[in-house]
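Engineer: Can you read through this structure? Questions will come right after.
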Amino acid sequence: MINEFPEVTVLGSKVSLINTKETVDQMEAWIGEPAKLCRRVIVSGFHGLWLAHQNEQLKEVFNSAELWAPDGIAPVWFAQLKGHRGIARATGADIMAEFLRRADRKGYRSYFYGDTEKTLGALRSRVEQDYPNHVVAGMFSPPFRQLTPEEDEAIIHQINDAKPDVLWVGLGLPKQERWIHERMDRLKVPVAIGVGAAFAFIAGTVERCPEWIGRMGMEWAYRFTREPRKLWRRDLLDGPRFLFHVGLELTGFQRYE
């Protein structure tokens, strides 16, 4: 079952106007009514919208997911300008933390795929300490190379044999979304969700932006001051281009399919 959530279309991508609580509510509903098909949740803001605008194949991957949670202020502001009210961000770290709180009461199982061995080790320690009734069904840090078909099949079997309720994938956008999409027919998991840096945030190995800065829509600036070499192209080049095209869409000068 999937509840009906309003959507806003930004540059041809459909973002669900859904908050953290509603996202986890839907994930729980899927866990309670598992089906053969793995349900997918996209969690992204401006970055995902811009990449999808540039790549039709990626846009199709994103739009074919059951949910796209607005991780970032861009889709929130866009929705507000379109007349929607009460819209809030639903970040990967917040979704993961809310799920873990509920899992601690209900004994849900998670499998964590991605990031480094060091981060996964810290994540396991933090989760087992803070959420002792949640079950870490498994973890895997893939090598920095493409897996062979045999290795890939083996990890899919490992995930399925662990019987997680949720598969969390932390490979970074858009690699994690492509990874899930290409394997969804083989994954016997109720929910798969790409959460980027949430592993490190929950583990405490990377400092997260203060909540009040995020609410102001300035998380991008906070992260840029800490990782300028990594983020300068995205924030200083792609950001203005994205805003230009969004302006064209909002004013009706151009339509995006």
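The values are calculated or read from the model by the stated rules, or taken from the named source; none is laboratory data. No experiment lies behind these values; they were computed from the predicted model shown. Glycine also receives a Cβ, built like all others from the backbone with ideal geometry; neighbour counts cover every protein chain displayed.
Engineer: Mind checking which residues of region 125-156 are over 14 Å from Gly170 (Cβ atoms), β-branched (Val, Ile, Thr) and part of a helix (DSSP H, G or I)?
Structural biologist: Ile155, Ile156
Engineer: Please go through region 66-118 and give me each residue that is on the phi < 0 side of the Ramachandran plot, in a loop (DSSP other than H, G, I, E, B) and not basic (Lys, Arg), ordered by number.
Structural biologist: Once the filter is applied, which keeps residues that are on the phi < 0 side of the Ramachandran plot, in a loop (DSSP other than H, G, I, E, B) and not basic (Lys, Arg), region 66-118 yields Glu66, Asp71, His84, Ile87, Ala88, Ala90, Thr91, Tyr108, Thr116.
Engineer: Continuing with the same structure: Please tell me if Gly194 is closer than 30 Å to Leu81 by Cα, at pLDDT below 90 and surrounded by 13 or more Cβ atoms within 10 Å (Cβ to Cβ).
Structural biologist: no
Engineer: Let me ask another. If you scan region 45-97, which residues turn out to be among the small types (Gly, Ala, Ser) and out of contact with any helix residue (DSSP H, G or I) (no Cβ under 8 Å at 6 or more places or on another chain)?
Structural biologist: Hits for region 45-97 are Ala79, Gly83, Gly86.
Engineer: Right, something else. Among the residues of region 82-125 satisfying the criterion of being in contact with a strand residue (DSSP E or B) (Cβ under 6 Å, 6 or more places away or on another chain) and among the aliphatic types (A, V, I, L, M), which is surrounded by the most Cβ atoms within 10 Å (Cβ to Cβ)?
Structural biologist: Per the criteria, the residue is Ala90.
Engineer: Just for region 40-95: of the residues that are among the β-branched types (Val, Ile, Thr) and at pLDDT 95 or above, which one is nearest to the chain's Cα centre (by Cα)?
Structural biologist: Residue satisfying both the conditions and the ranking: Val43.
Engineer: Here is a further query. Between residues in region 116-132 that are farther than 20 Å from Glu207 by Cβ and residues that are surrounded by 13 or more Cβ atoms within 10 Å (Cβ to Cβ) and not hydrophobic (A, V, I, L, M, F, W, C), which pairs lie under 6 Å by C-beta distance while being six or more apart or on different chains?
Structural biologist: Within 6 Å, the pairs are Glu117/Ser141; Tyr131/Asp104.
Engineer: Surrounded by 17 or more Cβ atoms within 10 Å (Cβ to Cβ) and at pLDDT 85 or above: is that true of Phe199 in this structure?
Structural biologist: Yes, satisfied.
Engineer: Test of understanding: among Trp77, Trp50, which residue is buried (at least 19 other Cβ atoms within 10 Å of the Cβ), farther than 19 Å from Val169 by Cβ and of a type in the set (Phe, Trp, Tyr)?
Structural biologist: Checking each option against the conditions leaves just Trp50.
Engineer: Looking at Ile159, is it touching a residue at least 12 places away in the same chain (Cβ under 8 Å), part of a helix (DSSP H, G or I) and among the hydrophobic types (A, V, I, L, M, F, W, C)?
Structural biologist: For Ile159, the condition - touching a residue at least 12 places away in the same chain (Cβ under 8 Å), part of a helix (DSSP H, G or I) and among the hydrophobic types (A, V, I, L, M, F, W, C) - is met.
Engineer: Any chance you could count how many residues in region 67-82 are more than 21 Å from Glu211 (Cα to Cα) and in contact with a Leu (Cβ under 9 Å, 6 or more places away or on another chain)?
Structural biologist: Count: 2.
Engineer: Tell me which residues, restricted to region 28-74, are of a type in the set (A, V, I, L, M, F, W, C), out of contact with any Phe, Trp or Tyr (no Cβ under 9 Å at 6 or more places or on another chain) and more than 27 Å from Arg102 (Cβ to Cβ).
Structural biologist: Leu58, Val61 - these are the residues of region 28-74 that are of a type in the set (A, V, I, L, M, F, W, C), out of contact with any Phe, Trp or Tyr (no Cβ under 9 Å at 6 or more places or on another chain) and more than 27 Å from Arg102 (Cβ to Cβ).
Engineer: Condition first: touching a residue at least 24 places away in the same chain (Cβ under 8 Å), aromatic (Phe, Trp, Tyr) and either in contact with an Asp or Glu (Cβ under 6 Å, 6 or more places away or on another chain) or loosely packed, with under 13 Cβ neighbours inside 10 Å (or both). Now tell me which residues in region 234-252 satisfy that.
Structural biologist: Those that are touching a residue at least 24 places away in the same chain (Cβ under 8 Å), aromatic (Phe, Trp, Tyr) and either in contact with an Asp or Glu (Cβ under 6 Å, 6 or more places away or on another chain) or loosely packed, with under 13 Cβ neighbours inside 10 Å (or both): none in region 234-252.
Engineer: If we keep just the residues of region 97-133 that are of a type in the set (S, T, N, Q) and out of contact with any Pro (no Cβ under 6 Å at 6 or more places or on another chain), which is nearest to Lys163 (Cα to Cα)?
Structural biologist: Among those that are of a type in the set (S, T, N, Q) and out of contact with any Pro (no Cβ under 6 Å at 6 or more places or on another chain), it is Asn133.
Engineer: Now, a different point. Among the residues of region 4-24, are any more than 30 Å from Gly247 (Cβ to Cβ) and either in contact (Cβ under 8 Å) with a residue 24 or more places away in the chain or small (Gly, Ala, Ser) (or both)?
Structural biologist: Taking every residue of region 4-24 in turn, at least one turns out to be more than 30 Å from Gly247 (Cβ to Cβ) and either in contact (Cβ under 8 Å) with a residue 24 or more places away in the chain or small (Gly, Ala, Ser) (or both).
Engineer: Same structure again: Can you name the number of the only condition in (1) surrounded by fewer than 19 Cβ atoms within 10 Å (Cβ to Cβ); (2) over 22 Å from Gly48 (Cα atoms) that His134 fails?
Structural biologist: In the conditions (1) surrounded by fewer than 19 Cβ atoms within 10 Å (Cβ to Cβ); (2) over 22 Å from Gly48 (Cα atoms), His134 misses (1) alone.
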